[in-house]
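*Asks:* My structure is below; once you've seen it, I'll send some questions.
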Amino acid sequence: KKVQGPSDTVGPGSCPKIENSFTEILVPSGTPHELSVKALHLQEFQTDFRCVFNLETQKEVNARKESNGNSDRIICDEEQFEYVGETPDRNVPFKITWGSDRHPLDNPDTIQVKMYKCSAIGRSCGSCLVIEDKYMCGWCTAPSLPAPSCQIQHQCNALAAPGTATWLDNSQHCPNPT
(Lines give C-alpha, C1' and ligand atoms only; values in the text may rest on other atoms or scores of the structure.)
Protein backbone atom coordinates (compact mmCIF):
# COMPACT_ATOMS: atom_id res chain seq x y z
CA LYS A 1 0.00 0.00 0.00
CA LYS A 2 1.24 3.46 -0.81
CA VAL A 3 1.42 6.14 1.85
CA GLN A 4 1.30 9.74 0.69
CA GLY A 5 3.71 11.83 2.75
CA PRO A 6 3.87 15.57 3.28
CA SER A 7 7.15 15.93 1.36
CA ASP A 8 7.70 18.51 -1.38
CA THR A 9 10.83 16.73 -2.63
CA VAL A 10 10.86 13.91 -5.13
CA GLY A 11 13.35 11.45 -6.54
CA PRO A 12 15.69 8.83 -5.10
CA GLY A 13 17.83 11.47 -3.37
CA SER A 14 14.83 12.28 -1.17
CA CYS A 15 14.13 8.75 0.03
CA PRO A 16 14.34 8.12 3.77
CA LYS A 17 17.70 6.46 4.43
CA ILE A 18 20.42 5.85 6.97
CA GLU A 19 24.06 6.82 6.70
CA ASN A 20 27.14 6.76 8.87
CA SER A 21 30.66 8.19 8.78
CA PHE A 22 31.91 4.64 8.15
CA THR A 23 30.28 1.68 6.42
CA GLU A 24 31.20 -0.54 9.36
CA ILE A 25 30.24 -0.01 12.98
CA LEU A 26 32.85 -1.71 15.16
CA VAL A 27 31.59 -3.66 18.17
CA PRO A 28 33.80 -5.87 20.37
CA SER A 29 32.33 -9.38 20.69
CA GLY A 30 30.90 -10.07 24.13
CA THR A 31 29.90 -6.48 24.85
CA PRO A 32 26.51 -4.83 24.98
CA HIS A 33 26.32 -1.96 22.50
CA GLU A 34 23.85 0.77 21.54
CA LEU A 35 24.05 1.61 17.82
CA SER A 36 23.39 5.04 16.38
CA VAL A 37 23.17 6.09 12.72
CA LYS A 38 22.22 9.31 10.99
CA ALA A 39 18.79 9.27 9.36
CA LEU A 40 17.96 11.48 6.38
CA HIS A 41 14.62 12.55 4.89
CA LEU A 42 12.43 10.97 7.57
CA GLN A 43 8.77 11.94 7.47
CA GLU A 44 6.48 12.62 10.44
CA PHE A 45 4.41 9.49 9.76
CA GLN A 46 7.49 7.26 10.04
CA THR A 47 7.42 5.94 13.60
CA ASP A 48 7.86 2.68 15.52
CA PHE A 49 11.48 2.08 14.53
CA ARG A 50 13.19 -1.28 15.01
CA CYS A 51 16.74 -2.47 14.34
CA VAL A 52 17.06 -5.93 12.82
CA PHE A 53 20.41 -7.72 13.10
CA ASN A 54 21.26 -10.91 11.21
CA LEU A 55 23.32 -12.72 13.84
CA GLU A 56 23.04 -16.52 14.10
CA THR A 57 19.33 -15.83 13.93
CA GLN A 58 17.53 -12.62 13.17
CA LYS A 59 17.38 -10.39 16.25
CA GLU A 60 15.07 -7.38 16.48
CA VAL A 61 15.39 -4.57 19.05
CA ASN A 62 13.48 -1.35 19.63
CA ALA A 63 14.90 1.91 18.31
CA ARG A 64 14.12 5.56 18.81
CA LYS A 65 14.48 8.68 16.73
CA GLU A 66 16.32 11.63 18.24
CA SER A 67 16.22 15.01 16.53
CA ASN A 68 18.79 17.73 16.97
CA GLY A 69 17.87 20.76 14.89
CA ASN A 70 17.60 19.59 11.28
CA SER A 71 19.46 16.33 11.95
CA ASP A 72 17.88 13.01 12.96
CA ARG A 73 19.52 9.92 14.44
CA ILE A 74 18.10 6.45 14.89
CA ILE A 75 19.41 4.81 18.05
CA CYS A 76 19.02 1.07 18.48
CA ASP A 77 18.48 -0.20 22.01
CA GLU A 78 21.46 -1.88 23.62
CA GLU A 79 22.12 -5.36 22.27
CA GLN A 80 24.65 -8.02 23.29
CA PHE A 81 26.88 -8.75 20.29
CA GLU A 82 28.76 -12.02 20.52
CA TYR A 83 30.01 -14.81 18.33
CA VAL A 84 31.62 -18.18 18.96
CA GLY A 85 35.04 -19.11 17.59
CA GLU A 86 38.39 -17.47 17.14
CA THR A 87 37.93 -15.72 13.82
CA PRO A 88 39.16 -12.11 14.13
CA ASP A 89 35.87 -10.54 13.02
CA ARG A 90 32.40 -11.17 11.70
CA ASN A 91 30.11 -8.89 9.68
CA VAL A 92 26.51 -8.51 10.81
CA PRO A 93 24.15 -7.10 8.19
CA PHE A 94 21.38 -5.02 9.70
CA LYS A 95 18.46 -2.86 8.73
CA ILE A 96 16.22 -0.31 10.37
CA THR A 97 12.51 -0.74 9.86
CA TRP A 98 9.51 1.43 10.68
CA GLY A 99 5.76 1.09 11.02
CA SER A 100 3.60 -1.94 11.71
CA ASP A 101 4.42 -3.35 8.26
CA ARG A 102 8.18 -3.13 9.07
CA HIS A 103 9.21 -1.04 6.04
CA PRO A 104 13.03 -0.88 5.76
CA LEU A 105 14.84 2.45 5.52
CA ASP A 106 17.27 2.58 2.60
CA ASN A 107 20.85 1.67 3.46
CA PRO A 108 22.63 2.74 0.25
CA ASP A 109 26.12 2.46 1.76
CA THR A 110 25.42 -1.07 3.07
CA ILE A 111 26.32 -0.13 6.64
CA GLN A 112 27.11 -3.24 8.69
CA VAL A 113 28.07 -4.05 12.23
CA LYS A 114 31.54 -5.60 12.44
CA MET A 115 31.99 -7.71 15.57
CA TYR A 116 35.59 -8.45 16.45
CA LYS A 117 37.74 -10.17 19.05
CA CYS A 118 40.99 -8.49 20.07
CA SER A 119 42.23 -11.87 21.34
CA ALA A 120 41.90 -13.34 17.85
CA ILE A 121 43.53 -10.34 16.12
CA GLY A 122 46.54 -10.04 18.46
CA ARG A 123 47.75 -13.22 20.09
CA SER A 124 50.89 -11.75 21.69
CA CYS A 125 51.58 -8.44 23.41
CA GLY A 126 53.58 -7.13 20.46
CA SER A 127 50.94 -8.05 17.87
CA CYS A 128 48.19 -6.69 20.13
CA LEU A 129 49.71 -3.25 20.59
CA VAL A 130 50.06 -2.64 16.84
CA ILE A 131 46.37 -3.27 16.07
CA GLU A 132 44.70 -0.23 14.50
CA ASP A 133 43.45 2.33 17.06
CA LYS A 134 39.85 1.98 15.84
CA TYR A 135 39.64 -1.43 17.56
CA MET A 136 40.64 -0.07 21.02
CA CYS A 137 42.60 -3.24 21.87
CA GLY A 138 45.25 -3.47 24.56
CA TRP A 139 47.29 -6.07 26.42
CA CYS A 140 45.59 -7.32 29.58
CA THR A 141 47.39 -8.97 32.49
CA ALA A 142 46.21 -9.81 35.99
CA PRO A 143 47.19 -12.40 38.62
CA SER A 144 43.63 -13.80 38.53
CA LEU A 145 43.74 -14.49 34.75
CA PRO A 146 45.00 -17.83 33.43
CA ALA A 147 47.14 -16.00 30.84
CA PRO A 148 47.61 -12.45 29.52
CA SER A 149 45.54 -11.63 26.44
CA CYS A 150 44.57 -8.91 24.00
CA GLN A 151 41.28 -7.29 25.11
CA ILE A 152 39.43 -4.00 25.12
CA GLN A 153 39.92 -2.24 28.44
CA HIS A 154 36.37 -2.81 29.66
CA GLN A 155 36.65 -6.58 29.09
CA CYS A 156 40.06 -6.66 30.76
CA ASN A 157 38.68 -5.06 33.92
CA ALA A 158 35.61 -7.32 33.86
CA LEU A 159 37.69 -10.52 33.51
CA ALA A 160 40.14 -9.76 36.31
CA ALA A 161 39.56 -9.61 40.05
CA PRO A 162 38.65 -6.02 41.02
CA GLY A 163 41.64 -3.67 40.97
CA THR A 164 44.15 -6.26 39.75
CA ALA A 165 44.16 -5.72 35.98
CA THR A 166 46.96 -4.04 34.07
CA TRP A 167 45.97 -2.87 30.59
CA LEU A 168 48.55 -1.57 28.13
CA ASP A 169 47.46 0.50 25.14
CA ASN A 170 49.44 1.07 21.95
CA SER A 171 51.31 4.04 23.42
CA GLN A 172 53.00 1.73 25.94
CA HIS A 173 55.61 -1.00 25.66
CA CYS A 174 55.25 -4.70 26.30
CA PRO A 175 57.02 -5.87 29.49
CA ASN A 176 58.57 -8.85 27.65
CA PRO A 177 58.14 -8.07 23.94
CA THR A 178 57.11 -11.07 21.86
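The values are calculated or read from the model by the stated rules, or taken from the named source; none is laboratory data. As the structure is a prediction and not an experimental result, all values here were calculated from the model. Virtual Cβ from ideal backbone geometry, glycine too; neighbours counted across all protein chains shown. Please note that ligands, DNA and RNA were not included when accessible areas were found on the heavy atoms of the full protein model with its side chains. Shrake-Rupley method; radii C 1.70, N 1.55, O 1.52, S 1.80 Å.
*Asks:* Springs between alpha-carbon atoms under 10 Å, Gaussian network over the chain: tell me which of Cys140, Cys15, Cys125 tops the mean-square fluctuations.
*Replies:* Maximum fluctuation in the GNM of the chain, among the listed residues, is at Cys15.
*Asks:* Collect residues whose amide H, placed 1.01 Å from N in the peptide plane, falls under 5 Å from the amide H of Cys15; neighbours closer than 5 in sequence don't count.
*Replies:* Answer set, sorted by chain and number: none.
*Asks:* For the chain, modelled as a Gaussian network with Cα springs under 10 Å, which listed residue fluctuates most, Lys59, Lys117, Lys134?
*Replies:* Taking springs between Cα atoms under 10 Å, the residue moving most is Lys134.
*Asks:* Extending each Cα 7 Å along its Cβ direction at Asp109 and His41, get the distance between those two points in nm, one decimal.
*Replies:* It is 1.6 nm.
*Asks:* Hey, another quick one. Pairs of Cα atoms under 8 Å, at least six residues apart: use those to get the relative contact order of the chain, whole percent. Walk me through the intermediate numbers first.
*Replies:* On the way: 358 pairs, mean separation 35.1, N = 178.
Relative CO of the chain lands at 20 percent.
*Asks:* Among the listed pairs Lys17/Lys95; Lys59/Lys95; Lys59/Lys114; Lys17/Lys134; Lys59/Lys134, give every one whose C-alpha distance is greater than 21 Å.
*Replies:* Details: Lys17/Lys95 10 Å; Lys59/Lys95 11 Å; Lys59/Lys114 15 Å; Lys17/Lys134 25 Å; Lys59/Lys134 26 Å.
Result: Lys17/Lys134; Lys59/Lys134 exceed 21 Å.
*Asks:* No other cysteine beta carbon under 4.7 Å away is the test; run it over the chain and list who passes.
*Replies:* Here Cys15 come out as lacking a disulfide-compatible partner, given the Cβ-Cβ threshold of under 4.7 Å.
*Asks:* Let me ask something additional. Given Cβ point charges of +1 (Lys, Arg) and -1 (Asp, Glu) and nothing else, what value in debye, to the nearest 20, does the dipole of the chain about its Cα centre take? Walk me through the numbers on the way to the answer.
*Replies:* Details: 16 positive and 22 negative charges, 39 e Å.
Charge dipole of the chain: 180 debye, to the nearest 20.
*Asks:* Follow-up. With just the Cα atoms defining each centre, how far is the range 35-114 from the range 130-178? Give it in Å.
*Replies:* Using only Cα atoms, the two centres lie 31 Å from each other.
*Asks:* Here's something else I'd like to know. Just need the relative contact order of the range 89-178 here, percent rounded to a whole number, with Cα pairs under 8 Å and 6+ apart. It would help to have the intermediate numbers written out before the result.
*Replies:* On the way: 142 pairs, mean separation 20.9, N = 90.
Once divided by the residue count of the range 89-178, the mean separation gives 23 percent.
*Asks:* Using the basic label-point model (7 angstrom from Cα toward the beta carbon), what is the Thr97 to Ser171 distance in nanometres?
*Replies:* 4.5
*Asks:* For the range 24-30, just list the computed ³J(HN,Hα) in residue order, Karplus coefficients 6.51, -1.76 and 1.60, θ = phi - 60°, integers in Hz, with x standing in for Gly and Pro.
*Replies:* For the range 24-30, the Karplus curve yields 10, 9, 7, 9, x, 4, x Hz.
*Asks:* For Glu34, which sequence-distant residues (separation of 5 or more, or a different chain) have an amide H within less than 5 Å of its own amide H, given hydrogens modelled in the peptide plane?
*Replies:* Glu79
*Asks:* Where only protein heavy atoms count, and the probe is 1.4 Å, what is the accessible area per residue for the range 1-150 in Å²? Before the final figure, lay out the partial values.
*Replies:* Working: 8470 Å² over 150 residues.
Value for the range 1-150: 56 Å² per residue.
*Asks:* What length, rounded to one decimal in nm, is gained on full extension from Asn68 through to Asp48, with 0.36 nm per residue of separation minus their alpha-carbon distance? Before the final figure, lay out the partial values.
*Replies:* Numbers: separation 20, 0.36 × 20 = 7.20 nm, distance 1.87 nm.
So the extension gain works out to 5.3 nm.
*Asks:* Oh, and also: Which of Thr164, Thr97, Thr57 moves the most in a Gaussian network model of the chain with Cα springs under 10 Å?
*Replies:* Fluctuation is largest for Thr57.
*Asks:* Taking 1 over the mean of 1/r across every pair of different Cα atoms in the chain, what Kirkwood radius in Å do you get? Walk me through the numbers on the way to the answer.
*Replies:* On the way: mean 1/r = 0.0544 Å⁻¹.
After inverting the mean inverse Cα-Cα distance, the result is 18.4 Å.
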